[in-house]
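A short worksheet on the structure shown next.
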2 protein chains.
Amino acid sequence: MSLRIALLGLLTVSGPASGYDLTKLFESSINNAWQARHSQIYPELNKMAADGLITVEEEGPRGRKTYAITDEGAHELRTWLIEKGPTRSYRSEGVLRAFLLPTLEPHEAAALLRAEAASYGVRLAELEAIRAAKSSWKEPGFGHYALDLGIRQTRLMQDWAEETAAEIEGSTRS
Amino acid sequence: MSLRIALLGLLTVSGPASGYDLTKLFESSINNAWQARHSQIYPELNKMAADGLITVEEEGPRGRKTYAITDEGAHELRTWLIEKGPTRSYRSEGVLRAFLLPTLEPHEAAALLRAEAASYGVRLAELEAIRAAKSSWKEPGFGHYALDLGIRQTRLMQDWAEETAAEIEGSTRS
DNA sequence: GGCTACATGTAAGTAGTTACATGATTGA
DNA sequence: TCAATCATGTAACTACTTACATGTAGCC
């Protein structure tokens, strides 16, 4: 279901696009919150067309099919966002590791956290570079709000990992 | 794979336990980072036993099977945590909604964010109650680090939703 | 002519969800 | 005896991943 909604969202902001286009858009944006490959996207688009949420607007070279969102599709997206209250389908290997931390020796746990903090630091720099590149835009475009949220979350993970590592190291001093 | 690791972690901290026990432990802890029902857990435990990661230590009434982690299982868990670098398998409907925000009218987006903020507020209170109830413990037990992380993340989501709603409302004032 | 990017698909397998199914023990 | 809880499982389906498969158009 979420994939369907994500694709409707992409079609809304990008205008008519092919499965190929949508796959690339997906990779550079929504991929940070939800994952799907072209092998899942193409069949889903066919099902969505069969369900009347999108239509093949144009057939181009190389078998290219350009899809456009229908009124029914736009309605589906809007309903999902507004009527279906705040669901929290959420899965994170990072948080799973936090649960498993006590299964390691303190020095191992601290080392793991330091490595994680470093990795979040790299990620944070990447995200901030993206924001800097987009700051010339005035309009808050697609991904603007999500990028802000992603930066906050990454910074939080980095801080948490660093502070928790320090805490563990502090309580182990001999 | 993650489910397997999660179950090995639970067995490590809880000691020998049945599928039923593990399902309940899972629900009250790791469920916040990863989801699985008993219908997935029972078959997985059987596969893990076949692979030598756990053993049936004891058979009790009502067909109860008590599993214990083996040395091989403990090794598998440790290796996964330490050698497999910081992976970020991550999926969040909350962040997906952030991406889709620009597909709504500003007043609708702001209302959605206010509703989300309220929902995160409720969640935050629940998590803080859990922390308060556990504060009498001195040892940082299972879930201690993950709970701290969860509280930070929930607060972040609440703040982000509130601030973003205010920002949208501010830029729409006539 | 050959490389790269465009473009769409299917097949096989794993992971996860929902629903169905069954039965035993405990305590009121 | 009845209800709740303990306890384990399977079946059918949906979602997702990895790998395979094929062919076209544009550019140098």
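Couple of notes before you dig in:
- Whichever residue in the stretch B:68-88 is touching a residue at least 60 places away in the same chain (Cβ under 8 Å) and more than 9 Å from chain A (Cβ to nearest Cβ) and, among such residues, is nearest to B:T12 (Cα to Cα): B:I69
- When residues of the stretch B:48-67 are limited to those that are within 15 Å of DNA strand C (Cβ to nearest atom) and in contact with a Leu (Cβ under 9 Å, 6 or more places away or on another chain), the one nearest to the other protein chains (Cβ to nearest Cβ): B:L53
- Residues that are within 14 Å of another protein chain (Cβ to nearest Cβ) and touching a strand residue (DSSP E or B) at 6+ places or on another chain (Cβ under 9 Å) were ranked within the stretch A:32-47; the one that is farthest from DNA strand D (Cβ to nearest atom) is A:N32.
- Restricting the stretch A:89-134 to residues that are exposed (fewer than 15 other Cβ atoms within 10 Å of the Cβ) and in a loop (DSSP other than H, G, I, E, B) leaves a set whose member that is farthest from the other protein chains (Cβ to nearest Cβ) is A:E105.
- Residues that are modelled with pLDDT under 95 and either within 18 Å of the chain's Cα centre (by Cα) or among the polar types (S, T, N, Q) (or both) within the stretch B:145-174 comprise B:S171, B:T172, B:S174, listed in sequence order.
- The set of residues in the stretch A:48-78 that are open to solvent by less than 40 Å² (accessible area, probe 1.4 Å) and more than 14 Å from DNA strand D (Cβ to nearest atom) comprises A:A49, A:G52, A:I54, A:T66, A:Y67, A:A68, A:T70, A:G73, A:L77.
- Positions within the stretch A:4-31 being within 7 Å of chain B (Cβ to nearest Cβ) and away from DNA strand D (no atom under 11 Å from the Cβ), in sequence order: A:G9, A:T12, A:V13, A:S29, A:I30
The values are calculated or read from the model by the stated rules, or taken from the named source; none is laboratory data. Small disclaimer: the values here were computed from a predicted structure and weren't measured. Cβ: placed from backbone, ideal geometry, glycine included. Neighbour counts: every protein chain shown. Only protein heavy atoms, including side chains, enter the accessible area calculation; ligands, DNA and RNA are left aside. Shrake-Rupley method; radii C 1.70, N 1.55, O 1.52, S 1.80 Å.
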